[in-house]
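First up is the structure itself, then whatever we jot down about it.
The values are calculated or read from the model by the stated rules, or taken from the named source; none is laboratory data. All values reported here derive from a predicted model rather than from experimental measurement. Every residue, glycine as well, gets a Cβ built from its backbone with ideal geometry; the counts of neighbours run over all protein chains shown.
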Amino acid sequence: MTRIAVMSGKGGTGKTTAVASMAWYSEGLVLADCDVDAANLALTMRGRLRIKDDYRGAFKAVIDDRLCVECGKCEVNCVFGAISEFQVIDIRCEGCGACKVVCPAGAVRMELRKSGEVFVLDTDRGPMVYAELQPGESNSGKLVTMVRRLADGLSESDGLDTVLIDGPPGTGCPAIASITGVDLILAITEPSRSGEHDLMRLIELAHHFSIPICVAVNKWDLHPGLTGEIEESCRRLGVMVVGRIPYDPNVNKAMKAMHPLPSLFPNSPAALELHRIWKEIRTGAMERKGSGVVLNLE
Ligand code: SF4
Ligand code: SF4
């Protein structure tokens, strides 16, 4: 099994458009939308629902009225302000358990609660796993790990050799959970100073975990000078630049229609470049698999 994660240092760089297009060019793979705080790949790929399940990833405190002696210790010790008048305010409870520890009457118990849902869709291009975290819930890294495990399981059960991951933006816990154990990261960036800065952080993260990373600059022609600078920075770091995706108004049209770009505009400049990039990185990821490539960040 080969796992490829498409990542971006920041949101709005065209990552999901790239993933949907690459999936469109594939015969059969498993898609994993790991952007659990804003999963939107399913809007483009669509499909028939195969599995829907609750995700229980959050502990919440519950006070038993029958045992509570109304001493107020739990409220005083809850730094999240999640207890009022001997009742827990669910949305504020972080599940730290401090109230349970200080309660002299054994009136507090911790319950594992539903904090999101996990879905498996059967799309034209293979199964797709995605998840939705309930508003206000944390632990998105744990949910990403669950999505990844399900995707790996489907890869084995359905006999599909590639897992393509649509990662979350940034370099936090969900991003780390998305890239752990992958064979290759494709970083999508844009020619802006913030895009460059966030790309460098993503490259550092990949370096830290010794994961090969390559870069594609989206809408490169909006600022050719800065694109050149980003590519030069990548080269200095030993990071391969695999493509330049041009600005293409068809991308917005396809997004509005909620279809993968190549399904509506197969000969558009961005679609053709994404096809070329996908062929290159898919082959490259398989060749590099297990080679332990370490980036040169000296
Ligand atoms: S578990 Fe922690 S956050 Fe939740 S009510 Fe108890 S002390 Fe407050
Ligand atoms: S610490 Fe226990 S007994 Fe005291 S108010 Fe809280 S739940 Fe009730």
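Data for the structure
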quantity: Top-ranked residue of region 76-92 - restricted to ones that are in contact with a strand residue (DSSP E or B) (Cβ under 7 Å, 6 or more places away or on another chain) and within 13 Å of ligand 2 (Cβ to nearest atom), ranked as farthest from GLY141 (Cα to Cα); calculated: PHE86
quantity: Considering residues of region 193-245 that are of a type in the set (A, V, I, L, M) and under 20 Å from LEU272 (Cα atoms) only, the residue farthest from the chain's Cα centre (by Cα); calculated: LEU222
quantity: Index of the failed condition, LEU264 passing every other in (1) within 15 Å of THR44 (Cβ to Cβ); (2) at pLDDT 95 or above; (3) surrounded by 17 or more Cβ atoms within 10 Å (Cβ to Cβ); calculated: (3)
quantity: Which numbered condition CYS173 fails, given (1) under 11 Å from the mean Cα position of the chain (by Cα); (2) surrounded by fewer than 20 Cβ atoms within 10 Å (Cβ to Cβ); (3) at pLDDT 95 or above; calculated: (3)
quantity: Criterion violated by ALA131 - all others in (1) assigned to a helix (DSSP H, G or I); (2) small (Gly, Ala, Ser); (3) crowded, with 20+ Cβ neighbours inside 10 Å satisfied; calculated: (1)
quantity: In region 77-89, residue nearest to ALA38 (Cα to Cα) [restricted to those that are more than 9 Å from ligand 1 (Cβ to nearest atom) and surrounded by 12 or more Cβ atoms within 10 Å (Cβ to Cβ)]; calculated: GLN87
quantity: Top-ranked residue of region 23-61 - restricted to ones that are among the aromatic types (Phe, Trp, Tyr) and within 23 Å of LYS114 (Cα to Cα), ranked as surrounded by the fewest Cβ atoms within 10 Å (Cβ to Cβ); calculated: PHE59
quantity: Test: residue in region 107-125 that is at positive phi, modelled with pLDDT of 95 or more and within 14 Å of ligand 1 (Cβ to nearest atom); calculated: no
quantity: Region 101-128: number of residues that are surrounded by fewer than 19 Cβ atoms within 10 Å (Cβ to Cβ) and within 13 Å of ligand 2 (Cβ to nearest atom); calculated: 7
quantity: Qualifying positions in region 75-101 - assigned to a helix (DSSP H, G or I), under 22 Å from SER115 (Cβ atoms) and modelled with pLDDT of 95 or more; calculated: ALA98, CYS99, LYS100
quantity: Per-region count, region 55-74, residues within 13 Å of ligand 1 (Cβ to nearest atom) and either assigned to a strand (DSSP E or B) or in contact (Cβ under 8 Å) with a residue 60 or more places away in the chain (or both); calculated: 6
quantity: Only one of ALA23, ALA38 that is outside any strand (DSSP E or B) and either in the same structural domain as ASP198 (by TED's automatic domain parsing) or polar (S, T, N, Q) (or both); calculated: ALA23
quantity: Matching residues, region 235-251, being assigned to a helix (DSSP H, G or I) and either aliphatic (A, V, I, L, M) or at pLDDT 95 or above (or both); calculated: PRO249, ASN250, VAL251
quantity: Unique match (being modelled with pLDDT of 95 or more, buried (at least 21 other Cβ atoms within 10 Å of the Cβ) and assigned to a helix (DSSP H, G or I)) among ILE230, ILE185; calculated: ILE230
quantity: Test: residue in region 143-151 that is at pLDDT below 95, buried (at least 21 other Cβ atoms within 10 Å of the Cβ) and within 16 Å of ligand 1 (Cβ to nearest atom); calculated: no
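Okay, residues lined up against (1) in contact with a helix residue (DSSP H, G or I) (Cβ under 6 Å, 6 or more places away or on another chain); (2) farther than 26 Å from ARG282 by Cα:
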position: TYR130; (1), (2): yes, no
position: SER138; (1), (2): no, yes
position: VAL144; (1), (2): yes, no
position: VAL147; (1), (2): no, no
position: ALA151; (1), (2): no, no
position: SER157; (1), (2): no, no
position: THR162; (1), (2): no, no
position: PRO168; (1), (2): yes, no
